[in-house]
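Remarks on the structure that follows.
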Amino acid sequence: QKEVEQDPGPLSVPEGAIVSLNCTYSNSAFQYFMWYRQYSRKGPELLMYTYSSGNKEDGRFTAQVDKSSKYISLFIRDSQPSDSATYLCAMRGAGNMLTFGGGTRLMVKP
Amino acid sequence: EAGVAQSPRYKIIEKRQSVAFWCNPISGHATLYWYQQILGQGPKLLIQFQNNGVVDDSQLPKDRFSAERLKGVDSTLKIQPAKLEDSAVYLCASSPLGTAYTGELFFGEGSRLTVL
């Protein structure tokens, strides 16, 4: 079993839809949770990070962490074609090493 | 501010040949990472440097992979001899001190390796 599981997709939605992306994890030591966005043939870029459980909002993006269920989510409101990319969850414990999920490929159709 | 620079962008070699990738991090970033991203998977950390010292190389296949960061600035990752399963994108990332817990790594565009 992988430490971080993520549905690979692809997830195809119409423009304007609300998108929900999710990851589950098995390591209870993870405390810091991030979402990266990766466009085709580009490196990942950090979208959001959260510490421990709770919600964090930034514009059209909301990150949720439920440590009791070992489940994290990223919601995208009013999705745009420019949101089409692969979304990677990543997490770490007290140490430095980030563990990434496999990524979910999102396609937003105009 | 210039981003993380990597070269070459693309490399095709035959198995058992050697290859080297170069990375120049963002100026002033003390920490440098090399990740391997196989198609359809998330990045996997190969090695992490802080300045010119190795912090973590537990997932680096040391029988064929080597990396160095002389003078604590740019870095080179070498594979010798290459295997078919080394076909992947090799991502370099950097981060300044103090951001380790936010997880904010700045990635380059990657070097795509194909081993035939």
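The values are calculated or read from the model by the stated rules, or taken from the named source; none is laboratory data. On a predicted model such as this, the values are computed, not experimentally measured, just so you know. Heads up, the Cβs are rebuilt from the backbone with ideal geometry, glycines too, and the neighbour counts pull from every protein chain shown. Ligands, DNA and RNA are stripped out before the accessible areas are found, and what is left, the full protein with its side chains, is counted by its heavy atoms. Shrake-Rupley method; radii C 1.70, N 1.55, O 1.52, S 1.80 Å.
Annotations
- Surface exposure of the stretch A:60-110, expressed per residue as accessible area with a 1.4 Å probe, stands at 38 Å².
- Computed with a 1.4 angstrom probe on protein heavy atoms, the A-B interface buries about 1800 square angstrom of accessible area in total.
- Charged-residue dipole, Cβ positions (Lys, Arg, Asp, Glu), chain B about Cα centre, Debye nearest 20: 380
- Histogrammed with a bin width of 10 Å, the alpha carbon distances of chain A distribute as 15, 50, 29, 5, 0 percent, first bin at zero.
- With the charge dipole of the protein assembly as shown set up from +1 on Lys and Arg Cβ and -1 on Asp and Glu Cβ about the Cα centre, the Cα lying farthest toward the positive end among the listed residues B:Ser27, B:Gly110, A:Ala85 is that of B:Gly110.
- Within the accessible area of the protein assembly as shown, the carbon and sulfur atoms contribute 49%, probe 1.4 Å, all protein chains present.
- Length gained when the stretch A:Gln31-A:Ser82 is fully extended (0.36 nm per residue, less Cα-Cα span): 15.3 nm
- Span from the the stretch B:10-24 Cα centroid across to the the stretch B:38-116 one, whole angstrom: 13
- Relative contact order (%) - criterion: Cα under 8 Å, at least six apart; region: chain B: 37
- Note on exposure: A:Met91, A:Met107 ranked by accessible area (1.4 Å probe, complete protein assembly) read A:Met107, A:Met91, with the most exposed listed first.
- Spin-label model, B:Ser18/B:Leu70: points 7 Å from Cα along the beta carbon direction are separated by 1.4 nm.
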